[in-house]
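The values are calculated or read from the model by the stated rules, or taken from the named source; none is laboratory data. Everything numeric here is computed off the predicted structure, so don't read it as measured data. Virtual Cβ from ideal backbone geometry, glycine too; neighbours counted across all protein chains shown. With ligands, DNA and RNA removed, areas are computed over all heavy atoms of the protein, side chains included. Shrake-Rupley method; radii C 1.70, N 1.55, O 1.52, S 1.80 Å.
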Amino acid sequence: MKYSQIAVAIPLMAESENLPNLVNCLEAQTFQNFKVFFCVNQPESFWQNPEKTFICHNNRESIEYLHALDSDRYFIIDRSSEGKGWDEKRQGVGHARKVLFDTILEKHSDNTIIISLDGDTSFSGNYFQSIVSQFNEKPGISFLKSGKNPISFIYSIASSTVWIHSGSSGATPYIIHVPFSFGIYNFRPFPAA
């Protein structure tokens, strides 16, 4: 199978100051067949907490910035506007990523690579192309976790979606192949190119 598209999942909370750099990195990509899904999120209770309302206002700025981009490439899931925040049982970056993945998996086919980024991530203009090339040039490669992460599985790529997570600037990105029917996650550092 040849991978021909990328879907990018980006959870955001209080990241408005990082968005211009992130969007510049996205727009500079040489590989252009990609869509970006943002989940701007926080618990609903933050609106009633004077110590947390600054996050609500920052998230509002993020949503306004993203809407101003006026691009059919960017999709915004608003889980921060008043009345739309998370309940206390389901919240946080992990839940935001799950919502993003569920949304992406509804809209994309098996030839899609899902890349999960943090709002403060920086990467070069050939980052997406290097990922697609890596998968297309080495079909059937196996992934082995290395580094300090204690989770370690080996699994060969079949015909399912690939998830790649890149953490904050300077962090080592991890490729995570997710065969959903087995519930196995496979980690491998990937060069940021």
(message) Between residue 70 and residue 129, what is the label-point separation in nm under the 7 Å Cα-to-beta-carbon projection?
(response) 2.9
(message) Need the list of aspartates and glutamates near residue 84 for cross-linking: C-alpha distance under 14 angstrom, and skip anything on the same chain fewer than eight residues off.
(response) 44
(message) Probe radius 1.4 Å, ligands and nucleic acids ignored: give me the carbon and sulfur share of the accessible area of the stretch 1-52 as a rounded percent.
(response) 50
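Please say if the stretch 1-53 is rounded, prolate or oblate, where rounded means a/c under 1.5 for a ≥ b ≥ c the square roots of the C-alpha gyration tensor eigenvalues, and otherwise the choice is prolate for a/b larger than b/c and oblate otherwise?
On the way: a/c = 6.36, a/b = 2.24, b/c = 2.84.
Since a/c reaches 1.5 but b/c is at least a/b, the shape of the stretch 1-53 is classed as oblate.
What is the extension gain from residue 105 to residue 53, computed as 0.36 nm multiplied by their sequence separation minus the C-alpha to C-alpha distance, in nm to one decimal? Could you put the intermediate results ahead of the total?
Details: separation 52, 0.36 × 52 = 18.72 nm, distance 3.23 nm.
Full-extension gain reported as 15.5 nm.
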(request) Would you please name the GluC sites (Glu not before Pro) within the stretch 1-56 that are DSSP coil residues with at most 13 other C-beta atoms within 10 Å of their C-beta? (result) 17, 51
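Test of the criteria: in the stretch 78-123, which GluC sites (Glu not before Pro) are in a DSSP loop and have at most 11 other Cβ atoms within 10 angstrom of their Cβ? Don't jump to the answer; show the numbers that get you there.
On the way: sites: 82, 88, 106; in loops: 82, 88.
Passing sites in the stretch 78-123 are 82, 88.
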(request) Grab the other residues whose beta carbon is less than 10 angstrom from that of residue 15, score K and R as +1, D and E as -1, and report the net. (result) -4
(request) Show the residues, 5+ positions off or on another chain, whose built amide H is closer than 5 Å to the amide H of residue 115. (result) 7, 8, 9, 164
(message) If you take every residue apart from residue 63 with its C-beta less than 14 Å away from the C-beta of residue 63, what net charge results, scoring Lys and Arg +1 and Asp and Glu -1?
(response) -3
(message) For the full complex of protein chains and a 1.4 angstrom probe, list 47, 86 by accessible area with the highest value first.
(response) 47, 86
(message) Students often forget the sequence filter, so: which lysines lie under 27 Å Cα-Cα from residue 138 once same-chain residues fewer than 8 apart are removed?
(response) 2, 35, 107, 148
